[in-house]
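Asker: The structure follows.
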There are 2 protein chains.
Amino acid sequence: MTDTLISPAYQQTPDFPGLLARLAGKLPQHCILSRVEDTRAYECDGLSLYRTLPPVVILPENEAQLIAVVTACKVLNIPIVARGAGTGLSGGAMPHAQGIILGLSKLNRILSIDPASASAVVQPGVRNLAISEAAAPFGLYYAPDPSSQIACTIGGNIAENSGGVHCLKYGLTVHNILRARVITIDGEVLELGSEAPDSPGLELLAAFIGSEGMLGFVTEATVRLIPKPACARVVMASFASVESAGHAVANVIGAGIIPAGLEMMDKRAVHMVEPFVNAGYDLEANALLLCESDGTEEEVEHEIQRMEAVFREAGATRLQVSSSEQERLTFWAGRKNAFPAAGRISPDYYCMDGTIPRRHLARVLNAIEEMEDEYGLRCANVFHAGDGNLHPLIMFDSNKPDEVERAEKFGAAILELCVQVGGTITGEHGVGIEKINQMCVQFTRPELDFFSAFKRAFDPYSLLNPEKVVPTLARCAEYGKMHVHGGELRFPDLPRF
Amino acid sequence: MTDTLISPAYQQTPDFPGLLARLAGKLPQHCILSRVEDTRAYECDGLSLYRTLPPVVILPENEAQLIAVVTACKVLNIPIVARGAGTGLSGGAMPHAQGIILGLSKLNRILSIDPASASAVVQPGVRNLAISEAAAPFGLYYAPDPSSQIACTIGGNIAENSGGVHCLKYGLTVHNILRARVITIDGEVLELGSEAPDSPGLELLAAFIGSEGMLGFVTEATVRLIPKPACARVVMASFASVESAGHAVANVIGAGIIPAGLEMMDKRAVHMVEPFVNAGYDLEANALLLCESDGTEEEVEHEIQRMEAVFREAGATRLQVSSSEQERLTFWAGRKNAFPAAGRISPDYYCMDGTIPRRHLARVLNAIEEMEDEYGLRCANVFHAGDGNLHPLIMFDSNKPDEVERAEKFGAAILELCVQVGGTITGEHGVGIEKINQMCVQFTRPELDFFSAFKRAFDPYSLLNPEKVVPTLARCAEYGKMHVHGGELRFPDLPRF
């Protein structure tokens, strides 16, 4: 195995005039932005803590134009950062100072919907929700529903392997993409996956999904559609402690129930959102669960009864079942508006994204509570409990530089705690630039070497979203937390559970 | 992208004495077989058409021994072919004349079963069914159920991404493995995947599953367990034509029903198995469907009613629902014994494995019927209809060399037809050595190049199961059916649908 992790091969002063000259006649002029007033809008994605002004932004209108751009960048050794709607939360689409932004928003056509095979063929710039809207006349929809689904695109969803409230039952993006047409850095076309359940050869489609723009560009994807359930209802359950709520989550799954959604909020999150949305949340509860069932009327009725029984046995102090579609949406409104609610009570907040095995829910929440004292900052917890996917919201004031630093350290400590209990540093937001240091904690040196070798197989020139996701050895050494493999203690500076 | 597909780097006369000398003291003597009477049992896997006597067979008893073997082979440039139970049907474990067989059968311990997280940690040599047996006291089981599940091992299942009758509802192996501990050709340990629903970094676990021994060796896997359903029943439906049965399959899926199993047999298959098993199959039917529902009593009753309604509407000529567990097993017995039944009426048979989009079921079956005349051989069709995974059984007599050749050509034509209608050359049996020529048909040159580049990232020395799965350019050129990409006609010598 090679000794060196990927290091960039591009120049410090790339030949942008040469690039524009090569593209003249191949793309309409309005597809190429290079004036600061035009490119400013692309300086960051949803992680606005990090910003870089892109020298050039190119927005191809078809695959041939995209291939022309990629080919020209390859010849001139210019890095390429792909971008969908820019809603990502880990800086995956943050520009590179020596590269271009390749925006895919104009590749936004739904090419076909086939109810017989329950699938649709779409371009990468199609918005997540637009697929379900187009499939609705056939009684079908596209299941993964990130909370940004009004704006985010399927191309970005593929890059980040996006999840959502319903992914416990219906899977992540990787489980709902059947096929992708991919353009490589050499301008070659690859067809990954197929309509069939399995594909021969190596399973490169799954590896491509979640690869954060490091391997190539999707120009077309076949997505799985599923029948829209006739009925959906939510049980809202209050608990006196996060422990008992944690047990309730484990017991629901242990009973063989797969809820359409299973979300948890701690007391701070409940108190944060209730005045904002008036969802009728129980302010006495120390933890609140929202648990959804969908299917036929009979299935839902039966499953809701089973859910209630499990919650009652786990010590629920209050139970309420949505009695109408309107009430169901109200129950969800609080959970879905947790981020804006945080914005009302704190000048700034930092949304983390880690996963843990479900059985550690309570101990991790207790540890986060202790960290609040250690870092002198408040944290509200909302999360996809069924998946063990945490979204702690750390509240701080960016006008106080000291608080920014403490918020970053607090966030890093949470992620490293997730790894420590056998979880991961990202559930659905990706690594991007935000969590690149924690990759040193999550993975061993040989594992990072393999990521690099795999990336090199697709991108031997290190031009695709360089300096993201996979850290260099130098970075890990500097971060000082290189993972030690083989059963050794992984975090000498963190207590062991 | 590199121009050359993988070509072997090992010697024609490897230093086996040197290998044995290096391993002396590191493995017990009984773990190393080199006498012909001992190694003969390893000369083929379930695809007995192809045989090679392995010079040396090594059966490590623990991970440290396995690493010692791999490291010694790397130093001496000796190819390694991994083997589980040897039940594979595509020659993936066929020995290499210049290499060793690395048998994993002695790594056969179930390390833990955790009902709270519904998972088990097992070594690769554990038999598929043994996992479910061990999990049964907790009301759990391991879902993928290849028909060889009594004998086949989880390591082999991972190598082949095995399926089974129930994978329509419960997924293939790739959907049921949470984590794998992998030893690389450099003797390094990689942890791929995690207990969490998503993992950061590149999704190498999914790419590893189904990689047919080309990337490394699993020494431990965490598998997902699911609750054993309280109840299961089967609807058996007769149809007057494969078209109407094909429509029934599409309509079941289209109605949003996900059967626990959905299998189809054509008339020849029914007539072949009924005298053998007396399952009570309808000998008048031109196509028979078996459709299973599992869940709680109420769920099954409700779903069975919906299935019957769909079948009736699709023109079923006879419907029967299993009224007891015994009857359910009898209904399945015919389907599961199709292969031995073929052995009773024909000296030899060749079981193919391709997939097609479900909507092409009828036209592909009709085309196969026409091929029977063309190749002068009979073919019975049993298949996982819900998945579109065909298992045509071509009957021939290996004492007639001409028939062997025609059977091989018939099989190749079926696989190429699968590709032509948008399907694939393997559903669950892998590529191995059997389908390596059809890889030239399935994939374009750049796609094969990427497979090679990906393999090189794991195996830069080309020592892991060389000359399997990914064909060289020379082989594709010789086969004369190199795939042409970009919307061009893929099979100039086959009619277009």
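Asker: In nm, what does the list of distances from A:A230 to its counterparts in the other copies look like, shortest first, when each label sits 7 Å along Cα to Cβ?
Answerer: Nearest to farthest, the other copies are at 2.1 nm.
Asker: Okay, next question. When DSSP beta bridges are limited to those with both residues in the protein assembly as shown, what percentage is antiparallel, rounded to the nearest 5?
Answerer: The answer is about 85 percent antiparallel.
Asker: Where does the Debye-calculated log10 I(q)/I(0) of the protein assembly as shown sit at q = 0.04 Å⁻¹, using only Cα point scatterers of equal weight, no solvent?
Answerer: Each listed q maps to, in turn, -0.19.
Asker: Answer with one residue from B:S34, B:P17, B:A64: the one whose Cα lies farthest towards the positive end of the charge dipole of the range B:16-103, charges on Cβ with Lys, Arg +1 and Asp, Glu -1.
Answerer: B:P17
Asker: Here's a follow-up. Can you list the GluC sites (Glu not before Pro) in the range B:231-284 that are in a DSSP coil and have 16 or fewer other beta carbons within 10 angstrom? The partial results should precede the final answer.
Answerer: Values: sites: B:E243, B:E263, B:E284; in loops: B:E284.
For GluC sites (Glu not before Pro) across the range B:231-284 that sit outside H, G, I, E and B with at most 16 neighbouring Cβ atoms in 10 Å, the list reads B:E284.
Asker: So how do B:86-98, A:24-36 stack up, highest first, on mean other-Cβ count within 10 Å?
Answerer: Details: B:86-98: 24.2, A:24-36: 13.5.
Packing order, densest peptide first, comes out as B:86-98, A:24-36.
Asker: Going Cα to Cα from B:K400, which aspartates and glutamates come in below 18 Å? Please leave out same-chain ones fewer than 8 positions away.
Answerer: Cross-link targets: B:D348, B:E372, B:D373, B:E374, B:E408.
Asker: I would also like to ask the following. Can you bin every Cα-Cα distance in the range B:111-227 into 5 Å intervals starting at zero and give me the percent of pairs per bin, rounded to whole numbers?
Answerer: 2, 13, 24, 27, 21, 10, 4, 1, 0
Asker: Please work out which residue of chain A brings its Cβ closest to the axis of the rotation superposing A onto B, and round that distance to whole Å.
Answerer: Nearest-to-axis residue on chain A, with distance in whole Å, is A:A206, 2.
Asker: Right, next: Please list, or write none, the aspartates and glutamates whose alpha carbon is within less than 12 Å of the alpha carbon of A:K468, excluding same-chain residues fewer than 8 places away.
Answerer: Leaving aside aspartates and glutamates fewer than 8 places away in the same chain, those within reach of A:K468 are A:E212, A:E434.
Asker: So, one more: Students often get this wrong, so check it: of B:K228/B:K435; A:K336/A:K455; B:K74/B:K435; B:K228/B:K267, which have C-alpha atoms separated by over 31 Å? Can you show the working numbers first?
Answerer: Working: B:K228/B:K435 36 Å; A:K336/A:K455 35 Å; B:K74/B:K435 28 Å; B:K228/B:K267 33 Å.
From the list (B:K228/B:K435; A:K336/A:K455; B:K74/B:K435; B:K228/B:K267), the Cα-Cα distance tops 31 Å for B:K228/B:K435; A:K336/A:K455; B:K228/B:K267.
Asker: Taking beta carbons within 10 Å but only from partner chains, what does the mean come to for residues A:219-230?
Answerer: Working: counts 0, 0, 0, 0, 0, 0, 0, 2, 6, 1, 1, 1.
Per residue, the average neighbour count from other chains is 1.
Asker: Strictly greater than 26 Å: what percent of every Cα pair in the range A:348-479 meets that?
Answerer: On the way: 2356 of 8646 pairs.
In whole percent, the share of Cα-Cα pairs in the range A:348-479 beyond 26 Å is 27.
Asker: Further question: Sorted from shortest, what are the nm distances separating the label point of A:T296 from equivalent points in the other copies, each placed 7 Å from Cα along Cα to C-beta?
Answerer: Result for A:T296, in nm, nearest copy first: 1.4.
Asker: Put a label point 7 Å from Cα along the Cβ direction on A:D373, then list its distances to the equivalent points in the other copies in nm, shortest first.
Answerer: So the distances to the same position in the other copies read 8.6 nm.
Asker: Over the range A:231-340, what lengths in whole Å, largest first, do the semi-axes of the equivalent ellipsoid take, defined as the square roots of 5 times the eigenvalues of the alpha-carbon gyration tensor?
Answerer: Details: eigenvalues 86, 59, 22 Å².
Computed over the range A:231-340, the values are 21, 17, 10 Å.
Asker: Let me test this: with uniform point scatterers at the alpha carbons of the range A:282-399, what is the Debye-based log₁₀ I(q)/I(0) at q = 0.21 1/Å?
Answerer: For the requested q values the scattering log ratios are -1.36.
Asker: Residues with beta-carbon under 10 Å from that of B:Y170, excluding B:Y170: net charge, scoring Lys, Arg +1 and Asp, Glu -1? Write down the numbers at each step before the final one.
Answerer: Values: positive: B:K169, B:R224; negative: B:D145, B:D294.
Summing Lys and Arg as +1 and Asp and Glu as -1 gives 0.
Asker: Determine the shielding of peptide A:449-461 by partner chains: average, over its residues, the number of Cβ atoms on other chains within 10 angstrom of each Cβ. Show your work: numbers first, answer last.
Answerer: Values: counts 5, 12, 4, 2, 6, 8, 2, 3, 12, 6, 0, 3, 0.
Mean partner shielding for this stretch: 5.
Asker: Turning to a different aspect of this structure: Across peptide A:350-360, what mean number of C-beta atoms from other chains lies inside 10 Å of a residue's C-beta? Display every interim value, and only then the final one.
Answerer: Values: counts 0, 0, 0, 2, 2, 7, 2, 8, 5, 4, 2.
So the per-residue partner count for this stretch is 3.
Asker: Once both axes come from the Cα atoms, what is the angle between helix A:325-336 and the longest principal axis of chain A, in degrees from 0 to 90, rounded to 10?
Answerer: Its long axis makes an angle of about 60 degrees.
Asker: Among the lysines, which have Cα under 18 Å from the Cα of A:K106 when same-chain residues fewer than 8 positions away are ignored?
Answerer: Excluding near neighbours in sequence, the set is A:K26.
Asker: For the residues A:C351, A:C440, what sequence is obtained by ranking on other C-beta atoms within 10 Å, fewest first? Each step should come with its number before you reach the end.
Answerer: On the way: A:C351 17, A:C440 22.
Ordered from fewest to most neighbouring Cβ atoms within 10 Å, A:C351, A:C440 come out as A:C351, A:C440.
Asker: Just the Cα atoms of chain A, one point each, no solvent: what log10 I(q)/I(0) does Debye give at q = 0.05, 0.07, 0.13 Å⁻¹?
Answerer: Reported log10 I(q)/I(0), two decimals: -0.19, -0.39, -1.32.
Computed from the coordinates by the stated procedures, all read-outs in this text should not be read as laboratory data. Just so you know, these numbers come straight off a predicted model, no measurement behind them. Cβ atoms come from the backbone with ideal geometry, glycine included; neighbour counts cover every protein chain shown.
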